[in-house]
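The values are calculated or read from the model by the stated rules, or taken from the named source; none is laboratory data. Remember, it's a predicted structure, so these values are computed and weren't measured experimentally. Cβ placement follows ideal geometry from the backbone for every residue including glycine, while neighbour counts extend to all protein chains displayed. SASA here: full protein model, heavy atoms, side chains in, ligands and nucleic acids out. Shrake-Rupley method; radii C 1.70, N 1.55, O 1.52, S 1.80 Å.
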Amino acid sequence: MSNSNRRFLVLEVGNGGMTDNEYMTHFSLWAISKAPLLIGCDVTKISPFTLATLTNREVIAVNQDTLGVQGHRVSTTVSQYSDAAGEVVVTDCLVSSSIKEPKRHEWIYDSEDRTIRSKLSGRCLSINNCDDAESARVVLSECGLNNENTKCQGKSQKWKINPVTKSIVSQMNGKW
Amino acid sequence: MSIGFSLNMFKSEGPMLYVNSCNQKVDQSWIWNSDDSTIRNQHNSQCLTLQDEIEVWAGPLNDTSKAVLLFNRGNGGSEPITVKWTDIGLPADKSATVRDIWALKDLGSFTGSYTSPNIEHHSVMMLKITPSK
């Protein structure tokens, strides 16, 4: 990821939808990236945890350090839990983690139920949160096709791979 | 004519994966190979791959110390994360003090690397690592 491509918006800390740990993670990434720290929650209803997160002196000091050099990712490794993977990227087929464990880039396409499953964890390529909007994120999540209660009836996990057009089309908006 | 949403590579951040209206352009062209089980983008021949779950971020500060983030972005479990001095621009044989800046607590002096206690998934530990004089 090159620095010039990073986009930072207003802080989401305290807006709901994330755990306390996730808010600390979010604030930490903004701080080490020297992103502007703009409070995005309603400060008249701020919780003690949110206030403490937004006002940690030493974390803010990293953000405001006079050298002003952005931090960046310096190394990555694989979790010891094989089912922890949730994010899918398009990357060099010979990255070190794939050389050690080829299943990290191996997939099974089931042309009957239309799922694309990771060979590592058996989880399914899915549109995040059944989002039916343009540019919805695609992630790996638990397969839920046979569960009546699954959100969007599993459509977010159904794909049509067409070798002729080389497309992989989602069933999510029902137009395949 | 709309023909649905296609798997689409978005290059500027990652590259990550999205769905977008099908346009038959290269970012939506994928080659499924049932022999080696890969799904490669036709444009750059790269593979659909699970992203590494454990990340270390670092950047320099004005007093020669380093700000370091140990980040468990996995979806499960809790595990230690190691930062190696050589990954953050410090000599491997150098000792450095490590401070947990969320907890406002000094953790001690370490040489070559520091390994954290278990860090929950979706959580971080943020450190200031200062090389000894």
Counted residues, segment B:60-86 - those being assigned to a strand (DSSP E or B) and either in contact with a Lys or Arg (Cβ under 7 Å, 6 or more places away or on another chain) or surrounded by fewer than 18 Cβ atoms within 10 Å (Cβ to Cβ) (or both)
5
Those residues of segment A:81-100 which are touching a Leu at 6+ places or on another chain (Cβ under 7 Å) and open to solvent by 50 Å² or more (accessible area, probe 1.4 Å), in sequence order:
A:SER82
Within segment B:69-78, is even one residue within 15 Å of the chain's Cα centre (by Cα) and farther than 25 Å from A:TYR81 by Cα?
no
I'm trying to understand the selection: among the residues of segment A:123-149, which are in contact (Cβ under 8 Å) with a residue 24 or more places away in the chain and touching an Asp or Glu at 6+ places or on another chain (Cβ under 8 Å)?
A:ARG123, A:CYS124, A:VAL139, A:LEU140, A:LEU145
For A:GLU12, all conditions in the list (1) within 21 Å of the chain's Cα centre (by Cα); (2) free of Cβ contacts under 8 Å to residues at least 24 places away in the same chain; (3) part of a loop (DSSP other than H, G, I, E, B) hold save one; what is the number of the exception?
(2)
Where residues in segment B:14-24 are at pLDDT below 85 and over 12 Å from A:SER135 (Cβ atoms), which of them is farthest from the other protein chains (Cβ to nearest Cβ)?
B:GLN24
Looking at B:GLY74 and the list (1) modelled with pLDDT under 95; (2) out of contact with any Phe, Trp or Tyr (no Cβ under 9 Å at 6 or more places or on another chain), which single condition is not satisfied?
(2)
Could you tell me whether segment B:96-119 includes any residue that is more than 18 Å from A:HIS26 (Cβ to Cβ), surrounded by 17 or more Cβ atoms within 10 Å (Cβ to Cβ), facing another protein chain (nearest Cβ under 7 Å) and modelled with pLDDT of 95 or more?
no
Take the residues in segment A:111-129 that are of a type in the set (A, V, I, L, M) and open to solvent by less than 10 Å² (accessible area, probe 1.4 Å); name whichever of them is nearest to B:LEU50 (Cα to Cα).
A:LEU125
Would you check if there is a residue in segment B:25-39 being assigned to a strand (DSSP E or B) and in contact (Cβ under 8 Å) with a residue 24 or more places away in the chain?
no
Checked A:LEU67, A:LEU11 against criteria (modelled with pLDDT under 95 and out of contact with any Lys or Arg (no Cβ under 7 Å at 6 or more places or on another chain)); the one match is A:LEU11
Restricted to segment A:25-40 and to residues being open to solvent by 20 Å² or more (accessible area, probe 1.4 Å) and part of a loop (DSSP other than H, G, I, E, B), the residue farthest from A:LEU11 (Cα to Cα) is A:LYS34
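Check B:ASP36, B:ASP93, B:ASP27 and return the single one that is surrounded by fewer than 18 Cβ atoms within 10 Å (Cβ to Cβ) and more than 8 Å from chain A (Cβ to nearest Cβ). Steps first, answer last, please.
Numbers: B:ASP36 fails: more than 8 Å from chain A (Cβ to nearest Cβ); B:ASP27 fails: surrounded by fewer than 18 Cβ atoms within 10 Å (Cβ to Cβ).
Residue meeting the stated conditions: B:ASP93.
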Exactly one condition in (1) at pLDDT below 90; (2) open to solvent by less than 20 Å² (accessible area, probe 1.4 Å); (3) more than 24 Å from B:GLY76 (Cβ to Cβ) is not met by A:ASP132; state its number.
(2)
Being without any contact (Cβ under 8 Å) to a residue 24 or more places away in the chain, among the small types (Gly, Ala, Ser) and assigned to a loop (DSSP other than H, G, I, E, B) is true for just one of B:SER45, B:SER6. Which residue is that?
B:SER45
